[in-house]
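Below: one structure, written as structure tokens.
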Amino acid sequence: MGTYLQRTNSSAGNRTTFTFSTWLKRSALTGANQTFFYSKDDNQNYIRLYFDSNERLQLRVYIVNNLNSKLETNQVFRDVSSWYHIVWRCDTGNATAGDRNRLYLNGSEITSLATETTPDQSTTYPINNSSTLNEIGNEAYSQGEQFQGYLSQTILADGQSYAPTTFGSTNANGIWVPITQPSVNYGTNGFKLDYAGTGTSADSSG
């Protein structure tokens, strides 16, 4: 909790089609924004995926300091005892405006939105550029909106728009669970973070 990862790309990848997937568990409701994925080319061109001060999930994309794209859920996320699987599926080249950005929770698309602002077709996003800065668990602009909680199996697939069934499935008890080794093409700037410990046992240290 209160820590984050940061990486700057060295090569350009796909800036219109990609997928972000992570499992997370909140540990504190602070009444402030908590960012768990942030990507920026510079301080005027950036992406934020976060829980806002009202505990709603938001996706925002700014291009030249203007809000280009936004998804804000009606649903609130106040449960600090359960894991959530969140997938953001992006394909700005899609002919259907509402399918250019899609959010999923535990395998199901989130369709109840307080706000939906869609990008123009084939909009280039501030991600997967040769100098893009990515942060997991924090917002790089002010460094003041760190995610409070736990993360597991965080994935970015550069150049692919994947359904949530690529990363999870429903078990015999009807529970949405992760696929340990998902079949993913990571592209140029993609990654998979398992946050493995130093041990070999099947617990929080292994």
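When the convex hull of its Cα atoms is viewed from all sides, region 99-196 shows a mean projected area of 8.7 nm².
For the chain, calculate the relative contact order in percent as a whole number, restricting contacts to Cα pairs under 8 Å that are 6 or more residues apart.
31
Go through [x] 46, 35, 35; [y] 64, 44, 38; [z] 53, 47, 30 and flag the label whose value is the computed Cα extents along the principal axes in Å for this structure. Among [x] 46, 35, 35; [y] 64, 44, 38; [z] 53, 47, 30, the one calculated here is [x].
Once backbone amide H atoms are built at 1.01 Å from N, Ser53 has Asn33 as its partners under 5 Å, excluding neighbours fewer than 5 places away on the same chain. Taking amide H positions as placed in the peptide plane 1.01 Å from N, state which residues far from Gly168 in sequence (5 or more) or on other chains have amide H under 5 Å from it. So Gly168 has HN proximity to Ile179. Only protein atoms count toward the accessible area here, which uses a 1.4 Å probe; on the chain, the carbon and sulfur part of that area reaches 42 percent.
Using the Cβ atoms and a cut-off under 10 Å, what net charge is assigned to the surroundings of Val61, where Lys and Arg are +1 and Asp and Glu are -1? With Lys, Arg at +1 and Asp, Glu at -1, the neighbours total +3. Sorting the segments 107-120, 67-80, 170-183, 35-48 by their residues' average number of neighbouring beta-carbon atoms within 10 angstrom, most packed first, yields 35-48, 67-80, 107-120, 170-183. Set against the 2.2 N^0.38 Å expectation for a compact globular protein, region 1-101 has a Cα radius of gyration ratio of 1.14.
The values are calculated or read from the model by the stated rules, or taken from the named source; none is laboratory data. Predicted model, so just to flag it, every value in this text is computed and none were measured. FYI the Cβ positions are ideal-geometry reconstructions off the backbone, even for glycines, and counts take in every protein chain you see. In case anyone asks, the SASA skips ligands and DNA or RNA and just uses the protein heavy atoms, side chains included. Shrake-Rupley method; radii C 1.70, N 1.55, O 1.52, S 1.80 Å.
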